[in-house]
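Before any comments, here is the structure.
The values are calculated or read from the model by the stated rules, or taken from the named source; none is laboratory data. Remember, it's a predicted structure, so these values are computed and weren't measured experimentally. Virtual Cβ from ideal backbone geometry, glycine too; neighbours counted across all protein chains shown.
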Amino acid sequence: MAYSYRFVEDLCFTDVGFEVEADTVEELFVASALATEAVMADVGKIRPVVRRDIEIKAEGLDMLLFSFLEELIFLKDSEGLLFSRFDIMVKDSSLKGRIYGQPIGEYEGELGRDVKAVTLHQFEVKKRNGRFYARVVLDI
Amino acid sequence: MRLKRISEYVWEIPKTEKEGMNVPALIFGTEKIVNNLEEGVFEQITNVACLPGIVRAALCMPDGHVGYGFPIGGVAAFRTDGGVISPGGIGFDINCGMRLVRTDLTVEEVQPRVKELVDRLFHRIPAGVGAKGLLRLTPSEFEEVMVKGVDWCIEKGYGWEEDRERIESYGRIPGADPSKVSKRAIERGLAQMGTLGSGNHYLEVQIVKGESIFDPEVARVFGIREDQVVLMIHCGSRGFGHQIGTDYLKVFDSAMPKYGIKVRDRELACAPFTSPEGQDYYKAMVCAANAAFVNRQVILHRVREVLSDVFHRDPRDLGLEVVYDVAHNIAKVERHVVDGEEMEVLVHRKGATRSFGPGHPEIPEIYREVGQPVIIGGSMETGSYLLVGTEKAMKESFGSTAHGSGRTMSRHAAKRQIRGSELRQRMEERGIYVRAVTMSGLAEEAGFAYKNIDDVVEAVDRIGISRKVVKLKPIGNIKG
């Protein structure tokens, strides 16, 4: 089991793009979530003290990832929460799980950039060389 | 891609260049600017030229750079009957815009106290990730904000009567329908009215130097004079608008097959303007646009309070009047002459500013004789400009001009070149005191990461789609 993400400058230099590779679809989603949170904060310093149960359905795996990341951005603005731990299950085009994080007001690290939205710019989710791959650009 | 120079400052990509183009694409700029544009800009503007119902040409302003779907600096007009509306032609930050505020304070009065002033503004105006706004609204009050825009602020004491006419569309675009806005958008935006945001959004204290006044007569009409201190606010509709953009991007992405629309880039997802999806998005977008006017108005209210505290004078006595407020991410129903025929069109301006010329009925009487004030924000190091709209813009660019300087370097590349603390120090040595929520975010906004604002403004001035009035030099800056 392994996953990784890396920020890629030339995906869109005005904003933030990243690529993710993972062995499983769940890991792909977790790594994408960590990359998204890493734009806004130091993920290592977000303590997992608050839990939110989430359930998301979408048309296709790509829009499921889009909606999952969008949920994190929504919770950042609506409830003021940052997340660092993700226990999720993905089946067909639905996702169910528990995510853990901390209110922004209690977070002690340096804040980063505010993420406005997940975009469909060069957005891609696919299987590549036996692993799962995603490319995401966030509007900041 | 093949570019044909059709006049000194206009390049054309003919509609034969790419299959599916309905109109040509026109790039506005000097030779230097056009030669330095990324190839992606040409791809994106020709993709826009393929959209259904587009009229005359897809335009790219001199500050153009690659965006999502549309390039930043993109302007496109579509027939309201038969054309489309596209969230990608507006941006997620609906009605991101600029507001310029004049004062009666002089450089001599403010310069010695600029640190105190900027520190006070920084503490009183929420900015950055997760910041909560100055207003505590109920959902029903928020619905009023969406419909009434700045009128709501004036009713509640967050604005002056005379502010209204100094805001594009008088701070209240008709057609807002809160029932077309999702509960998620309301939950996201409810607590954020009166926040600056992050990224390239800012509040800046600027000064007017005598040698930077290019048109003294128009400057006088706009209330600008030598040795004066002004303030500039750059922000948008915050999470509320971002969520509306996201919601309808998904709606349009799924709806396109129903209308037989195929686009070359999913970020160009669109629907006919008259379709239920198109109308719903337009009505929701207007809600976000009105909320953005309110956001900038509430920030101004706080600015007035802070300056009043710092200088122990009433805000009216300080002359804290709005010069103008412009939207640079928006779509608006306007009338323009296309191929000799006046018609109603939906003008998308994504990173582009309205630039209506003298005499236009949309311009308030106080400015009607000279034209609409146009505010172009530069990087925090290089300064910004106040310009005026022109008749030529009405003919050439659907009454539009540039909006800023346009990035030329990635955020990571900027951070590799300088640390935030180092940049802050360097700016302070040059007389610009800056406070930022995040130091790494500050480094990303370094002046060298942007095109030279002087080149962009020189280009729009020479093209004639707006005329420069005054350059504004920063002395203090707050960043989210």
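Given the criteria more than 18 Å from residue A:7 (Cβ to Cβ) and of a type in the set (A, V, I, L, M, F, W, C), does residue A:73 qualify? So residue A:73 does not fit the description; no.
Among residues that are β-branched (Val, Ile, Thr), at pLDDT 95 or above and within 22 Å of residue B:347 (Cβ to Cβ), residue B:261 is included.
Residue-by-condition table, conditions (1) touching a helix residue (DSSP H, G or I) at 6+ places or on another chain (Cβ under 8 Å); (2) within 25 Å of residue B:213 (Cα to Cα); (3) at pLDDT 90 or above:
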| site | (1), (2), (3) |
| --- | --- |
| B:373 | yes, yes, yes |
| B:380 | yes, yes, no |
| B:383 | yes, yes, yes |
| B:394 | no, yes, yes |
| B:405 | yes, yes, no |
| B:421 | yes, no, yes |
| B:425 | no, no, yes |
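Select from the range B:359-400 the residues that are under 17 Å from residue B:322 (Cβ atoms) and acidic (Asp, Glu) and list them in ascending order. Those that are under 17 Å from residue B:322 (Cβ atoms) and acidic (Asp, Glu): B:362, B:365.
Going residue by residue through the range B:292-300, is there one that turns out to be in contact (Cβ under 8 Å) with a residue 60 or more places away in the chain, farther than 28 Å from residue A:139 by Cβ and among the β-branched types (Val, Ile, Thr)? No, the range B:292-300 has no match at all. Within the range B:242-249, not a single residue is at pLDDT 95 or above, among the acidic types (Asp, Glu) and touching a Phe, Trp or Tyr at 6+ places or on another chain (Cβ under 8 Å).
Kindly check whether there is at least one residue in the range B:230-252 that is touching a residue at least 12 places away in the same chain (Cβ under 8 Å), among the hydroxyl-bearing types (Ser, Thr, Tyr) and farther than 22 Å from residue B:98 by Cα.
Filtering the range B:230-252 down to residues touching a residue at least 12 places away in the same chain (Cβ under 8 Å) leaves B:230-249, B:251-252.
Remaining after also requiring among the hydroxyl-bearing types (Ser, Thr, Tyr): B:237, B:246, B:248.
Adding the requirement that they be farther than 22 Å from residue B:98 by Cα leaves B:246, B:248.
For the range B:230-252, residues touching a residue at least 12 places away in the same chain (Cβ under 8 Å), among the hydroxyl-bearing types (Ser, Thr, Tyr) and farther than 22 Å from residue B:98 by Cα: present.
Scanning the range B:233-262 for residues that are at positive phi and assigned to a helix (DSSP H, G or I) turns up just one, B:238.
On inspection, residue A:95 does not qualify as more than 25 Å from residue B:90 (Cβ to Cβ), within 13 Å of chain B (Cβ to nearest Cβ) and either in contact (Cβ under 8 Å) with a residue 12 or more places away in the chain or touching an Asp or Glu at 6+ places or on another chain (Cβ under 7 Å) (or both).
Considering only residues that are part of a strand (DSSP E or B), β-branched (Val, Ile, Thr) and either within 11 Å of chain A (Cβ to nearest Cβ) or over 16 Å from the mean Cα position of the chain (by Cα) (or both), which ones fall in the range B:55-78? Result: B:72, single match. Taken together, the residues in the range B:4-31 that are crowded, with 17+ Cβ neighbours inside 10 Å and not in a loop (DSSP other than H, G, I, E, B) amount to 8. When the range B:449-465 is filtered for residues that are at negative phi, touching a helix residue (DSSP H, G or I) at 6+ places or on another chain (Cβ under 8 Å) and of a type outside the set (D, E, K, R), the ones remaining, listed by number, are B:449, B:456, B:459, B:463, B:465. Going through (1) within 30 Å of residue B:360 (Cβ to Cβ); (2) surrounded by fewer than 18 Cβ atoms within 10 Å (Cβ to Cβ); (3) within 14 Å of chain A (Cβ to nearest Cβ) one by one, residue B:451 falls short only on (2). For the range B:354-368, the criterion of being surrounded by 22 or more Cβ atoms within 10 Å (Cβ to Cβ), free of Cβ contacts under 8 Å to residues at least 60 places away in the same chain, part of a strand (DSSP E or B) and touching a Gly at 6+ places or on another chain (Cβ under 8 Å) is met by at least one residue. Residues in the range A:107-127 that are touching a residue at least 40 places away in the same chain (Cβ under 8 Å) and either on the phi > 0 side of the Ramachandran plot or among the charged types (D, E, K, R) (or both): how many? Residues that pass the stated criteria total 7. Looking at A:120, A:65, just one residue is closer than 20 Å to residue B:254 by Cβ, over 14 Å from the mean Cα position of the chain (by Cα) and of a type in the set (A, V, I, L, M), and that residue is A:120. Residue pairs whose Cβ atoms lie under 9 Å apart, separated by 6 or more positions or on different chains, with the first residue in the range B:164-180 and free of Cβ contacts under 8 Å to residues at least 24 places away in the same chain and farther than 17 Å from residue B:334 by Cβ and the second surrounded by fewer than 20 Cβ atoms within 10 Å (Cβ to Cβ) and hydrophobic (A, V, I, L, M, F, W, C), are B:164/B:154. May I ask you to verify whether residue B:264 is of a type outside the set (Gly, Ala, Ser), closer than 30 Å to residue B:120 by Cα and touching an Asp or Glu at 6+ places or on another chain (Cβ under 9 Å)? In short, no.
The residue list B:94, B:125, B:90 contains one member that is more than 14 Å from every other protein chain (Cβ to nearest Cβ), closer than 29 Å to residue A:41 by Cβ and among the β-branched types (Val, Ile, Thr), which is B:125.
Within the range B:404-418, the residues that satisfy the criterion of being in a loop (DSSP other than H, G, I, E, B) and within 13 Å of another protein chain (Cβ to nearest Cβ) are B:405, B:406, B:408, B:409, B:410.
Of all residues in the range A:108-140, those being within 7 Å of chain B (Cβ to nearest Cβ), assigned to a strand (DSSP E or B) and among the charged types (D, E, K, R) number 1. The requirement of being within 12 Å of chain A (Cβ to nearest Cβ), closer than 24 Å to residue B:10 by Cβ and surrounded by fewer than 24 Cβ atoms within 10 Å (Cβ to Cβ) is satisfied by residue B:38.
Within the range B:181-194, the set of residues being crowded, with 24+ Cβ neighbours inside 10 Å and either among the charged types (D, E, K, R) or at the interface with chain A (Cβ under 7 Å from one of its Cβ atoms) (or both) comprises B:188, B:192. In the set (1) out of contact with any His (no Cβ under 8 Å at 6 or more places or on another chain); (2) modelled with pLDDT of 95 or more, the condition left unmet by residue B:30 is number (2). Among the residues of the range B:431-480, those identified as part of a loop (DSSP other than H, G, I, E, B) and either touching a Pro at 6+ places or on another chain (Cβ under 8 Å) or over 17 Å from residue A:112 (Cβ atoms) (or both) are B:431, B:432, B:451, B:452, B:464, B:465. Among the numbered conditions (1) within 14 Å of chain A (Cβ to nearest Cβ); (2) within 19 Å of residue A:40 (Cα to Cα), the only one that residue B:478 does not meet is (1). Applying the criterion of being more than 14 Å from chain A (Cβ to nearest Cβ) and assigned to a loop (DSSP other than H, G, I, E, B) to the residues of the range B:195-232, the residue that is surrounded by the fewest Cβ atoms within 10 Å (Cβ to Cβ) is B:227.
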